[in-house]
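Here's the structure, in structure tokens; my notes come after.
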Amino acid sequence: MPARIDIAFRLNGVGKRASVAPETSALEMLREVIGLTGTKYGCGEGECGACTILVDGVTINACLMFAADCDGRDVMTIEGVNATPRGEALRRAFVEHGAVQCGFCTPGIMVQAWHLLESNPHADQATIQRGIEGNLCRCTGYKKIIEAVAAAEAVERGQTPVEQSREVQRG
Amino acid sequence: MAELRAKTSPQGSDPARGSLIGKRIPKMDAPDKASGRTRYIHDINLPGQLHAKILRSSERHAKIVSIDTRAAKALPGVHAVITAADVPWQRPIGVAKDHLPLKTDRVRSLRDEIAAVAADSVEIAEEALGLIRVDYAPLPVLTDPVAALAPDAPRIHPAPQGADGGPSLKPGLPVAYTGKPDNVAMVMEYAQGDVAAGEAGSALVVEDVFRLHYVTHCCLGVSGVIAEFDPSGNLLLYSNTQVPFLHKREFAELLDIDPGRVRIIQPPIGGGFGSKLDIYPFEPIAIFLAKITGRPVKLVFTREEEFLASPTRQPVLLKLRSGCTKDGVLTFREVETLHDNGAYTSWGATTPFVMMQTVSSLYRVPHCRYRTRAVYTNNPYAGSFRGYGNLQATFAVEAHMDRLAEALGIDPLEFRLKNAQDPGEVTPQGMHFKTCGLKDCLRTAAERGDFLRKHAANRARWSDGDPVKRGVGMASMLHVGGGAKIYPSDGCGTILKIDDFAHVTLITGASEIGQGSETVLAQLVCEELGLPLSAVTVVNNDTDITPWDVGVHASRTTFIAGNSAIGAARKAKDKILALASSKCGDAAEALDLAEGCVVKKATGERVFELAKLIRSLHFSDKAELVMTTHYYEPPSVHQDKQFKGDVSAAYAWATQVCEVEVDTRTGIVRLVKVTGAHDVGRVLNRLGIEGQIEGGIVMGQGYALTENLMVEDGWVRNPNFRDYKLVTAPEIPEIDVSFIETMDGEGPQGAKGVGEAPAICIAAAVANAIYNATGVRLTSLPFTPERVYRALHGAAQPLEWNVPQ
Ligand code: FES
Ligand code: FES
């Protein structure tokens with residue numbers, strides 16, 4: 001039996017303990033051990049951004065981080081981002097602006113955009129484009145994603161309220 | 001000089017009665033997806049499930065001498081290790097049935113499946129793969145499609161043999177797999193008119209050769225499947241297939257069971273684009289393992305595997321000759337192509353179906369001949385990919401059109417307008433363009449892209465000494481927009497029920513693959529029933545529940561499933577209005593449905609609340625349900641053996657103008673702006689259609705400029721996103737799209753299919769733009785800096801057509 005490492009960290013604001021193999025990635029731990037599947041595997045090599053999470057407030061490709069290195073850190077995933085006001089504004093903007101097609105890239109881009117607005121509340125279009133440069137999307141052509149992030153940013157600055165009523169609820 | 005007259009949206013959407021048509025409707029599944037709640041196949045785990053991994057060939061072409069699985073089988077946590085010997089009943093799969101899921105006597109490409117493991121975890125399965133020993137006897141490797149036609153070329157598909165030299169599939173087994181006498185996988189020939197006569201009447205003839213490269217789908221969600229048998233031997237498959245009903249039958253054949261015992265559930269898909277249109281070996285292999293272990297088996301690719309072992313777009317070498325009169329009227333066209341089929345035959349081999357349509361019918365060509373051969377090699381094999389051959393055909397035809405225009409001294413717009421199709425045309429291939437917005441597309445894109453002025457100005461700057469050049473180019477396309485009757489039926493079924501709270505469940509055969517079909521279908525139903533979108537639930541992912549459909553391909557879902565949904569909704573409406581009429585005394589024709597109520601058509605006065613009315617039907621002595629079914633079969637025809645016939649119920653058109661910047665010092669081409677005009681019939685969901693078109697444009701940009709699956713002597717050199725360059729957010733062009741609404745008479749609310757169209761023109765328009773910028777014509781894709789630089793500095797080899805007859 002390979003050695004296992006006991007770790008303790010904060011996950012989406014809640015204390016968490018886990019016992020992980022040394023070679024386990026943070027992505028695997030989140031998805032397979034803890035069962036938070038919003039963080040996606042797109043490449044496992046740090047090239048697509050589908051696995052983007054926040055560690056101590058900085059975005060990281062979870063596929064490139066060892067689970068053991070989460071010890072003592074503050075980790076936030078799409079599930080945590082969702083529960084914040086900024087996450088909610090982003091989600092609404094992504095829905096309203098048609099930024100979601102197959103949706104596989106979306107959680108990673110949401111987390112990246114959340115971080116972008118956190119660190120640069122006045123991001124212009126070029127900054128947004130560069131900010132999500134590491135996130136691949138095969139479906140949308142990015143245009144609507146960029147528009148959605150800009151719209152969420154505008155909402156934060158109190159400019160144009162996103163219409164809430166149009167968001168569709170599934171039966 | 002061509003006349004410029006833009007005509008957009010002749011019939012805008014009617015905003016009356018709160019119509020949803022043409023509005024910006026967010027996708028119904030977007031909130032779940034944006035919050036990471038959607039469960040893709042990768043996120044599903046069944047109790048007791050095992051994890052499977054596949055051992056692939058390390059040789060491109062070799063005999064399998066022996067496979068030793070003993071050490072792998074002995075590894076703790078391993079439940080099964082299988083090779084072809086363990087499944088002697090396996091059958092060939094694929095379009096030409098030339099492909100056994102587990103290879104018996106030989107491997108023909110690097111992706112070939114030799115053995116598979118089911119284990120307690122992915123890690124154990126991977127460790128077990130490392131313990132399998134395979135002895136190969138290398139065979140001569142064939143990776144050049146031209147060489148594949150030589151009489152003495154190595155044969156890729158001789159009759160299969162077991163290691164003992166006897167037939168690998170024992171006599172008496174269900175399918176005889178006999179091998180192929182040569183390397184020709186498929187031939188398709190088409191002819192109309194008399195090409196020699198056309199040529200005799202030509203003032204000008206131009207010939208070009210083009211080469212198209214390998215690209216692959218790169219769905220962000222990698223391929224995966226979960227297979228499970230119940231104790232009675234019924235198969236449940238969680239699969240991302242785009243054709244669940246056809247595959248149900250294929251899997252049943254594979255297992256020799258009644259198709260009624262196969263159930264396919266389709267979890268949300270992380271991208272399709274045509275890649276899930278065929279069965280690939282990993283699916284039968286997961287099924288074999290599930291059958292042998294009696295446990296659910298999950299098999300998910302790594303990204304590297306996705307690059308190596310999922311299908312590609314088909315690489316093509318293409319020769320094109322056409323002529324025209326001195327006034328610029330096309331006289332004939334002759335096309336010959338050679339397709340690299342790779343080691344096995346999937347849908348890629350059948351893309352000439354679509355290619356020949358572009359060759360024969362994008363413009364009026366009286367005389368035309370088309371011939372394709374697809375040949376086996378030891379390269380990866382090609383499947384279907386958004387556009388289905390049309391990116392390749394349009395690249396050639398539209399670059400060639402610019403060459404003809406230049407030879408004639410006519411501007412590219414005028415030359416195209418002279419030869420463009422009109423509404424009402426029936427082409428010699430039998431396609432009937434009941435609506436056709438091509439001329440409007442041409443004029444609109446040209447005007448909005450300021451094409452003529454820029455085209456002339458850029459040319460004047462060829463030798464002005466500035467190393468950075470600007471260019472503008474245009475290309476148009478024709479694609480099926482009302483389904484494609486490639487099977488005897490191109491239909492789709494709908495079941496619609498309205499419950500006692502007036503909530504609608506729309507059960508459709510059509511799959512959602514991220515393109516937004518479920519939202520559009522719900523919209524169309526709401527339009528008929530006067531309900532808000534929130535009153536509809538769409539069920540579309542379980543073959544035990546959903547009615548039959550051909551599958552998601554050929555841009556058919558909005559058109560075919562849309563008409564089917566409308567049919568079911570109209571039947572429900574008739575039933576409801578008849579009931580209301582019997583209760584209120586007004587004629588049913590004088591009543592309508594709006595805002596959840598039965599209303600008087602003339603005044604809008606509310607007569608009944610819909611939910612109450614339906615409850616009164618349930619709880620009456622009639623005790624009836626409002627539940628309807630509808631099957632829509634488009635009025636298209638299955639083409640005859642000469643490939644003639646009106647294969648689609650409607651045809652989609654588009655023109656795209658691309659503007660580029662070419663740095664002649666580096667060869668870097670930047671796509672600055674795309675101005676598109678698309679004949680979409682009618683816009684149903686503006687948000688959705690914009691998303692489809694923008695996504696398609698950027699996919700076309702990748703095809704033209706950045707994407708290249710580098711296959712060298714059968715080795716795939718760049719199976720990762722670092723070296724296979726997808727377009728990223730900072731690189732996208734400015735995009736300006738106009739919709740030409742031709743209101744197709746057969747389309748749902750006038751709409752046509754549009755899913756594939758936007759990716760088709762870009763490469764051709766970019767090639768034409770690079771020429772307009774520099775005076776240098778590129779005929780091989782992609783336009784990487786290296787290729788462009790070499791061409792600009794005279795170091796490119798001209799392409800030759802050296803293919804034996
Ligand atoms: S999965 Fe981590 S970057 Fe792609
Ligand atoms: S929406 Fe499909 S990859 Fe981005």
So, counting K/R as plus one and D/E as minus one, what does the shell of residues with Cβ under 15 Å around B:Ile132 add up to? -2
Output ordering of B:74-84, B:282-292, B:238-248 (per-residue mean of other Cβ within 10 Å, highest first) is B:282-292, B:238-248, B:74-84
Would you order B:Ser223, B:Ser738 from fewest to most other beta-carbon atoms within 10 Å of each residue's own beta-carbon? B:Ser738, B:Ser223
Classify segment B:667-805 as rounded, prolate or oblate, taking a ≥ b ≥ c as the square roots of the eigenvalues of its Cα gyration tensor: rounded when a/c is under 1.5, otherwise prolate if a/b is larger than b/c and oblate if not. prolate
Unit charges at the beta carbon, dipole of segment A:5-77: most positive-side option, A:Val58, A:Gly15, A:Gly46: A:Gly15
How large, in Å, is the protein assembly as shown by the Kirkwood hydrodynamic radius built from its alpha-carbon pairs? 29.4
Convert each backbone phi in segment B:205-213 into a coupling constant with the Karplus relation 6.51 cos²θ - 1.76 cosθ + 1.60 (shift: θ = phi - 60°), then list the ³J(HN,Hα) values in order as whole Hz, x for Gly and Pro. 10, 10, 10, 9, 10, 10, 10, 10, 9
For segment A:5-77, inverting the pair-averaged 1/r of distinct alpha-carbon atoms gives a Kirkwood value in Å of 11.8
Net charge within 10 Å of B:Gly198 by Cβ-Cβ distance, Lys/Arg positive one each and Asp/Glu negative one each, not counting B:Gly198 itself? -1
Degrees, to the nearest 10: A:143-156 long Cα axis against longest axis of chain A: 80
In degrees, nearest 10, range 0 to 90: what is the angle between the Cα axis of helix A:85-96 and the longest Cα principal axis of chain A? 60
Pairs of Cα atoms farther than 22 Å apart, chain A, %: 43
Among B:Lys63/B:Lys180; B:Lys319/B:Lys725; A:Lys40/B:Lys33; B:Lys575/B:Lys600; B:Lys53/B:Lys73, which pairs are too far apart, with a Cα-Cα distance over 19 Å? B:Lys319/B:Lys725
Distribution output for segment A:84-170: share of Cα-Cα pairs per 5 Å bin in percent, first bin at 0, values 3, 16, 30, 28, 16, 7, 1
In whole Å, how far is the Cα centre of segment B:39-88 from that of segment B:470-493? 40
For segment A:68-97 and segment B:696-727, what is the centre-to-centre distance using only Cα atoms, to the nearest Å? 32
Within segment B:539-609, list the GluC sites (Glu not before Pro) lying in a DSSP loop whose Cβ has at most 15 other Cβ atoms in a 10 Å radius. B:Glu595, B:Glu605
For segment B:532-605 the mean separation of alpha carbon contacts under 8 Å (6+ apart) over residue count, i.e. relative contact order in percent, is 19
5 Å-binned pair-distance histogram of segment B:203-312 (Cα, whole percent): 2, 11, 21, 21, 14, 10, 6, 3, 3, 3, 2, 2, 1, 0, 0
For a label point 7 Å along the Cα-to-beta-carbon line of B:Asp464, residues of segment B:638-674 with backbone N under 16 Å: B:660-664
Between B:Ala147 and B:Arg722, what's the calculated FRET efficiency when r is the beta-carbon distance and R0 is 35 Å? Round to 0.05. 0.65
Helix by helix through chain B, keep the DSSP H runs that span 24 Å or more along the axis on Cα and average at least -1.0 on Kyte-Doolittle, and give those back in order. B:390-408, B:562-584
Of the candidates B:Gly745, B:Ser346, B:Asn183, the farthest towards the positive dipole end of chain B (Lys/Arg Cβ +1, Asp/Glu Cβ -1, centred on the Cα centre) is B:Gly745
Output the relative contact order of chain B, whole-number percent, from Cα pairs under 8 angstrom with separation of 6+ residues. 16
Using only Cα atoms, locate the centre of segment B:407-460 and the centre of segment B:653-687, then give the distance between them in Å, rounded to an integer. 15
What does the charge count around B:Glu633 come to, taking other residues whose C-beta lies under 10 Å from its C-beta (Lys +1, Arg +1, Asp -1, Glu -1)? 0
Which whole-number percent gives the relative contact order of segment A:84-170, counting Cα pairs below 8 Å spaced six or more residues apart? 43
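Here, each number is a calculation from the coordinates, and none is a lab measurement. Here the structure is a predicted model, which is why all the values come from computation and not from measurement. Here Cβ is always computed from backbone atoms with ideal geometry, including for glycine, and neighbour counts include all displayed protein chains.
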